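The values are calculated or read from the model by the stated rules, or taken from the named source; none is laboratory data. Just so it is clear, the model here is predicted, and its values are computed rather than measured. Virtual Cβ from ideal backbone geometry, glycine too; neighbours counted across all protein chains shown. We work out accessible area using only protein heavy atoms, side chains counted, and drop any ligands, DNA or RNA first. Shrake-Rupley method; radii C 1.70, N 1.55, O 1.52, S 1.80 Å.
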Amino acid sequence: SGWNRLKLYFMLGLPTEVDDDVREMARLVRDIQARGKAIRRRMVDVSVSASTFVPKPHTPFQWVPLVDRATVEQRQKLLRDGTNTRGLRVSWSDWDTTWLEALLSRGDRRLGGDIWRAWQAGARFDAWSEQFRPDLWRQALAEEGVDPDFYTGRHRQRDETLPWDHIDVGVSRAYLWREWERALKGELSPNCREQCHGCGIQQSFSGE
């Protein structure tokens with residue numbers, strides 16, 4: 001259609017990911033660029049964005065930890081090395097930003113003091129890299145006596161009370177656990193329009 005630029009989005013750090021998955025990402029990117037060049041008969045630009053996966057509440061991955069920093073950075077390097085070709089540009093998530101996102105999205109009310117202390121210490125506009133001060137957050141955690149690994153670095157038990165359990169989003173915890181087990185096996189769940197999985201959403205929003 002006349003386009004010479006393409007942007008691809010990937011995610012690193014999924015619970016079952018292995019190094020070969022990342023090598024396959026790089027192979028796919030190189031193949032897409034080669035196909036584009038063959039079609040356009042000129043060099044094409046391919047941008048690759050590789051975000052780090054943060055296991056979020058109310059999803060089948062809410063029980064799993066954030067992948068560790070060493071693994072993320074090693075796989076970012078794998079992707080960079082595999083796409084070190086003219087016309088390919090790769091960007092990736094900064095670890096400290098990912099860590100803070102995971103901490104705040106998976107934390108409980110005990111983090112209230114940490115947020116207050118970090119703000120008092122000067123934490124502002126953290127979404128802007130030039131303003132982000134992860135050291136302030138770690139200092140605040142230490143002063144509050146909070147271990148961040150409790151929220152980001154451990155696998156939570158199936159029957160563990162989660163900080164967000166009191167929020168009803170209409171989908172049952174049992175369904176999310178079943179989906180987690182399916183994910184471990186690499187099994188796809190059919191489209192809900194084709195087959196009801198009994199997640200609870202219909203009953204929650206039926207108005208009855």
> Can you tell me which residues in the range 92-134 are more than 22 Å from Trp164 (Cβ to Cβ), assigned to a helix (DSSP H, G or I) and out of contact with any Asp or Glu (no Cβ under 8 Å at 6 or more places or on another chain)?
Replying inline: Asp96, Trp119, Gln120, Ala121
> Among the residues of the range 167-181, how many are touching a residue at least 24 places away in the same chain (Cβ under 8 Å) and open to solvent by less than 80 Å² (accessible area, probe 1.4 Å)?
Replying inline: 9
> In the range 145-166, what residues are open to solvent by less than 70 Å² (accessible area, probe 1.4 Å), among the charged types (D, E, K, R) and in contact with a helix residue (DSSP H, G or I) (Cβ under 8 Å, 6 or more places away or on another chain)?
Replying inline: Asp165
>> Which pairs turn up if I take residues in the range 76-88 that are at negative phi and in contact (Cβ under 8 Å) with a residue 60 or more places away in the chain and look for partners that are assigned to a loop (DSSP other than H, G, I, E, B) and surrounded by 12 or more Cβ atoms within 10 Å (Cβ to Cβ) with beta carbon separation below 9 Å, at least 6 apart in sequence or on another chain?
In response: Gln76/Ser93
>> List pairs: first residue in the range 26-51 and farther than 12 Å from Gly87 by Cα and in contact (Cβ under 8 Å) with a residue 24 or more places away in the chain, second residue open to solvent by 50 Å² or more (accessible area, probe 1.4 Å) and among the hydrophobic types (A, V, I, L, M, F, W, C) anywhere in the structure, Cβ distance under 8 angstrom, at least six positions apart or on different chains.
In response: Ser49/Trp92; Ala50/Met11; Ala50/Trp92; Ser51/Met11; Ser51/Trp92
>> So, in the range 183-208, how many residues would count as being touching a residue at least 24 places away in the same chain (Cβ under 8 Å), within 15 Å of Phe61 (Cα to Cα) and open to solvent by 70 Å² or more (accessible area, probe 1.4 Å)?
In response: 1
